[in-house]
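The values are calculated or read from the model by the stated rules, or taken from the named source; none is laboratory data. Because the structure is predicted, anything quoted here is derived from the model rather than measured. Using ideal geometry, Cβ is built from the backbone for each residue, glycine included, and neighbour counts are taken over all protein chains shown.
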Amino acid sequence: MKKLVMLLSLLLFLPACSLIDEAVQRNVASEPSYRSLSANYLKEDVAKVDLPYCWLAQCLQQGELTLKNIRKSHGNLSEHVTIYRTNEKHEELAYFMTEEGKLNNIAIESEHWNYNSKHERTATAIWDLWNDIIPDPYHQVDKLYLFQGGDFAAYVNMYNMRVELGVNIKHNQDQKQLTTTLVHEFGHILTLNQEQFTEDRYTSDQQELECPAYFDEWSDCPNQESYLYSFYNKFWKKIETEWKKKKIETSEARQTAFYNKYRSQFVSEYATTSPVEDIAESFQYFIFSPKPTNLSSIKSQKIAFFYEYPELVAIRADVLARVEKRF
């Protein structure tokens, strides 16, 4: 996965959590930070989308009810895994620039690929689904890449507040699978944005010695207020030494073996790839799974982790409402 770089935590039981309100536009400067965008989920404003204004408990209740409806009609979306493995070489095919929320100005990157109306429909379907299920302003993307081959279904690149989304056109033909894939990538946007990481960038010589948490070579060292910092310290410290020694990240066979050994700790095999992928996979399960009541397993604790942040409970309710409306 190409990497990225976001966000904050707020106190539990803050007064209210409105979903995608006009305050995002009113209160955010011309170069908004993800902190300010996230904070707007907790303002006492009327929601802009169909899901009504809600207090924290109401956000949770609304999310659970919506999820129940989705599961009744469409099954468990988390079963549509985001992992994708092939022996084909990764190849970037084309990218679209975006303007005012629409795809524009395609640029072909592969000389072996003949772009046609079918590919245009595929790109439009991916783009429409992304915009329909990911809350504004988080769904704002500067470029949409189409690629094939490789060992992942999608990726996001993030530079400051600019976002590039790439989707494997061969993998994501099924809407349910594409939905879980895009929510996984949304999890990366929330957890690996620039505001989740230290302002002073570490050098390669410093990374192992000075970073107090998992150091990602693309995103750098998470700050102590970040989601990833807390997630890493709660769930990865005891297994990281073994994970590094066995070089789990570099081998699919090792990931399978590691997952089989620690099946009660990971929501999916792909989550063993790294803490970065683990938190994104766990976020996807947080969105599409009922709130855990039995926390005896670490993987259940990972899903429950996101409920510690009121803004994420509100975001979950919003995403689920969008998915229900879309389906």
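Quick notes on this one:
- Options 271, 317: the member that is in contact with an Asp or Glu (Cβ under 6 Å, 6 or more places away or on another chain) and in a helix (DSSP H, G or I): 271
Condition check ((1) crowded, with 23+ Cβ neighbours inside 10 Å; (2) among the acidic types (Asp, Glu)) across all residues:
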{"position": "232", "(1), (2)": "no, no"}
{"position": "245", "(1), (2)": "no, no"}
{"position": "270", "(1), (2)": "yes, no"}
{"position": "278", "(1), (2)": "yes, yes"}
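- Residue that is modelled with the lowest pLDDT, among those in the stretch 153-196 that are surrounded by fewer than 23 Cβ atoms within 10 Å (Cβ to Cβ) and among the aromatic types (Phe, Trp, Tyr): 159
- Looking only at the stretch 113-140, and only at residues there that are of a type outside the set (Gly, Ala, Ser) and touching a Phe, Trp or Tyr at 6+ places or on another chain (Cβ under 7 Å), the one that is farthest from residue 169 (Cα to Cα): 138
Residues are listed down the side, and each one gets a yes or a no for (1) part of a loop (DSSP other than H, G, I, E, B); (2) of a type in the set (D, E, K, R); (3) under 15 Å from the mean Cα position of the chain (by Cα):
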residue: 264; (1), (2), (3): no, no, no
residue: 285; (1), (2), (3): no, no, yes
residue: 295; (1), (2), (3): yes, no, no
residue: 312; (1), (2), (3): no, no, yes
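- Any hit, the stretch 249-268, residues being within 21 Å of residue 65 (Cβ to Cβ) and modelled with pLDDT of 95 or more: no
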